[in-house]
Every structure is written in structure tokens, then in C-alpha cells.
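Structure first, commentary second.
The values are calculated or read from the model by the stated rules, or taken from the named source; none is laboratory data. Keep in mind that what you see is a predicted model, and the values were worked out from it rather than measured. Virtual Cβ from ideal backbone geometry, glycine too; neighbours counted across all protein chains shown. Side chains included, ligands, DNA and RNA excluded: accessible areas come from the protein's heavy atoms. Shrake-Rupley method; radii C 1.70, N 1.55, O 1.52, S 1.80 Å.
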Amino acid sequence: LPYRVYTISQQITNYRNRIIPLNLALRLLLPLGHSQFLIVSTLPRKQAMKILKCDLLLIVIAVTVVVLTAPPTISAAKVGVTYSTPDFSSGSVQVSPERIVAKIVSLEIEAVRLLDPNPETIRAFASTNVSLFLSVPNPLVPMLASHRSHAFEWVKLHVLPFHNRTKISMISVGDDVSLADAPPPLFLLRAIRNVRRSLVLLGIETVSVSTTFSFFSIIPSPFPPSLARFRSPNGDVIIKPILEFLEKTNSSFLVKLYPYYIDSSIHSGFAFFEDPFSYVDDSSIIQVRYGNLFDVMVDAVVRSLAVLGHESLPVVVAETGWPSWSSNSSEVYATPKCSQRFLNALVDHLRGGKGTPLRKEGVSEVYIFELCDKQQSERTWGLLDYHLNTKMNITFFLDDIPEIEKKSIQLNYLVIVCMLFLAVISTVATLTCCSNIVSAWKGTPAKRERKQKKQY
């Protein structure tokens, strides 16, 4: 700073020369033993004005550098994977929960959805930083709805012993419970409420409760997104009361989105987030252009929620993915190359944090189906094979971020800290200059004393 700092003895008490803003700032920054430091300015008004201009320019430069050097967003949405216990009776390789958790931690996966949670698997995640999303199997849902005591026992077995050491964030009561039944499953909301009440009775209020819907079960078509609606009559009979519950309890709407199952004629480019493939929704007043199929499906959900009056409800993609193999030879896109192509593009899209045209913040969480392949299945979706070996190079894993990019991110954070410190200093200097100018405009202390003598 272009100011002279003096150590002034306690006898000098000329308050007219003290610059209050900078003096207070130094008193906060310096140790208590140095509180006798005061700032004295002897600059004329013209020089103070020049310094003020320089300080303002310095602030502009500092803010500009902070914006330009901001580190890239690693992921706007939380990205996780789904995992279900293999059926050992079908010949699947038996793997211990501890080994599964060790693999997940080594890959730095931040969230896992357990499709069939059991106490042993949940216990294995204790003292890790992995967020858990538990699902209640469909066969248990009618029982949980029949009486609150059944829901209480399920929560007591799967949540209560572990919630202090594991990061259980969400529970889905049922997974795509069939909405085609006649009569429709009205017990679903009762089961959700019973689980929620059981959590509250046990003093666990940080775990949200919802249920998972399948996109194709609740929305006839994603095209165009602005005209999407929930199917009737289930939209009003089943979904609307559940949405009101989710709104009151600050929970999320969970949905499974699979672009793979959309008409194969649009798979080329549009499903893989590749330019220049796009879709224009011109059914509304303002035309909206979509660059990928995933955003089209998300906005179809957002619009359907808005029609029922819940446009701000958070959306979680409970499942999405792309198969790497299919037993049906007609599914020509079920290949490891296409799977890697879709997943890499999806994660890059989520990292960009651009959201969708109808939901600027995008979805809050996305779970990729699934962690491991299963033997004797029609399709394989796993990121890992049966023996937990990586099948493809997915940038979803934080370990796959180039080392140079990691160092660049750390360097950018350091630059931001330095620039913010510089901005604080320049702001204090600006306040000092303003004080000098105000004092100069009011006149020097000597002039005020002479004016007072003349009046007498």
C-alpha cells in the first residue's frame, strides 16, 4: 500500500489524522500486542484521487482473474451407481460385502443405491464417505403399508443400527411398483408414510423417503417435452398425493430414465450427446432446442410435475445406463463401445452443470445401472465384470481424471485465494482513499480552527 505506517506513541492523540477503515482492518489482522499501530495519511487530494483510480482498477482486475481462473466443475449432480446382491444360486461369483465396498472406495464412487439392502452390506459401508440410497423390495411394500409396526421393524433393522456411522441419505419404498394393476396400488403412499413416521419416532429425520417410478410407466412419450403429462388416471389417483407428501417432507421425485429404450432410429448421435444432432420443441411459444435425449426425458418429467403444481420438486434419476451386451442379436447398439460412449458423454454432461432447458440446475443425483454384471441375464449393464475387473474406461471414476487436470484444479484454487486476498487489500485501500477525499473536501483541521477563531 502507498501509505506510510508509523508507530505512534500513546501521547500522540491527534484523531484528525487517523484513517478509521484501514486502522480497524489492521487491528483485526495484527496480533493484540500490535494494536498501537495507526495509519497516518499525508497525501493531498489529487494524489489520493490517482490512488483511488488505481485501487478501483486493481479490484476489477482481481475479480476478472477470479472469474477466468475458476476451476472446472467436477460434477454438478451427485453421480453414483446401483448395486444388488448377486444370486449365488444361479452360478454368480460370490463376493463379500467388504470386498465390494473396498472396490467402491478405491474407485472413489461417492454414492451407491442398494437395490436389495441387507444389514451385512450396509454395515460394510460404515466409516466410509459413500452416501447410501436404500430401496425397499417390492414384495415388502404391501406389508409395510398394512401396519406401521412392520415399517418400524424394517427401519429398526436396516437404518437404526447404522445411521450414526453410515451416510444413509434416502429410502425408496418400492421400485416401479406396477401402476397397471386394477385397482391401482393405493397402498403405496401408506407404505411411504409408515416408513417416514418410523424414522421420526426413532429420531432419524435426515433420511428422506420416496418411491421410484419408471419413466415409461408414468409418461406416454417424451416428445415434445413441453406437452408431457402423467398417464391418466394414475397421475391424479396415485402420483399427485405422493407429490404432495414429497413436497411437505422436502423429499425428491425418483425416476428411472433409459434413453436406450427409446426408438432405435434416433440412437445415432442424439442419444450419445453428440453434435450436431438435436431436437427442437416448437410446441410452446418459445422454441427450445435439445442436444441430447437424456435432457428431453428429464424435461418431460419436469413438465409433468409442473402440470400437477410441483415444478420445483427435486428430481433424482434413480437409474440410467446402457447395456454392453444383449442376448437379442437385433439390439445392435448393446455393445461395450456404445456403453462407454453413452456413459462418458453422460458424465461429461453432468460435470458441465448446464442443466436442462426447463430445469437450469438440472437433476440433483444420477445413479448409473449398474456396478457389476450378473450372470445368466438377458443383458449386461455393469461397469465391472463378475470378478470386479473394470470393463471399460469410464471418466465417471475420479481416478481416471488426468493428473495434469488435477494439478490444474489445485492451482486454480490457489490463484482464487490469492486474488481474493488481493481484492480485500485493495478494497481496504479504496476505503482509505475515500476517507482522505472526504477529509480534503471538508478542509484541513488548521483551516477549520482559523475559521472558528474568526467567528469569535
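A count restricted to the range 115-141 and to residues that are over 18 Å from GLU153 (Cβ atoms), hydrophobic (A, V, I, L, M, F, W, C) and under 23 Å from the mean Cα position of the chain (by Cα) stands at 6. The condition of being modelled with pLDDT under 95, under 25 Å from LYS78 (Cβ atoms) and surrounded by fewer than 20 Cβ atoms within 10 Å (Cβ to Cβ) holds for only one of SER178, SER127, SER131, that being SER127. Among the residues of the range 229-265, those identified as in a loop (DSSP other than H, G, I, E, B), open to solvent by less than 70 Å² (accessible area, probe 1.4 Å) and at pLDDT 95 or above are PHE230, THR249, SER251, SER252, LEU257, TYR258. Filtering SER210, SER217, SER198 for residues that are on the phi < 0 side of the Ramachandran plot, surrounded by fewer than 23 Cβ atoms within 10 Å (Cβ to Cβ) and not in a loop (DSSP other than H, G, I, E, B) leaves a single hit, SER217.
Identify all residues within the range 320-347 that are touching a Lys or Arg at 6+ places or on another chain (Cβ under 6 Å) and within 16 Å of ILE394 (Cα to Cα); write none if there are none.
To start, the set of residues in the range 320-347 that are touching a Lys or Arg at 6+ places or on another chain (Cβ under 6 Å) comprises 323, 326.
PRO323 - this is the single residue of the range 320-347 that is touching a Lys or Arg at 6+ places or on another chain (Cβ under 6 Å) and within 16 Å of ILE394 (Cα to Cα).
Can SER330 be described as of a type in the set (Ser, Thr, Tyr), open to solvent by 10 Å² or more (accessible area, probe 1.4 Å), touching a Ser or Thr at 6+ places or on another chain (Cβ under 6 Å) and over 18 Å from PHE230 (Cβ atoms)? No. The residues of the range 131-148 that are aliphatic (A, V, I, L, M) and more than 13 Å from MET170 (Cβ to Cβ), listed by number, are LEU140, VAL141, MET143, LEU144, ALA145. Taking the conditions exactly as written (polar (S, T, N, Q) and at pLDDT 95 or above), does SER329 satisfy them or not? Against the criterion (polar (S, T, N, Q) and at pLDDT 95 or above), SER329 does not qualify. Against the condition open to solvent by 50 Å² or more (accessible area, probe 1.4 Å), closer than 19 Å to LEU308 by Cβ and not in a helix (DSSP H, G or I), how does ARG165 come out, does it pass? Answer is no for this residue. Can you confirm whether the range 137-152 contains a residue that is modelled with pLDDT of 95 or more, buried (at least 22 other Cβ atoms within 10 Å of the Cβ) and closer than 23 Å to LEU107 by Cα? No, because not a single residue in the range 137-152 is modelled with pLDDT of 95 or more, buried (at least 22 other Cβ atoms within 10 Å of the Cβ) and closer than 23 Å to LEU107 by Cα.
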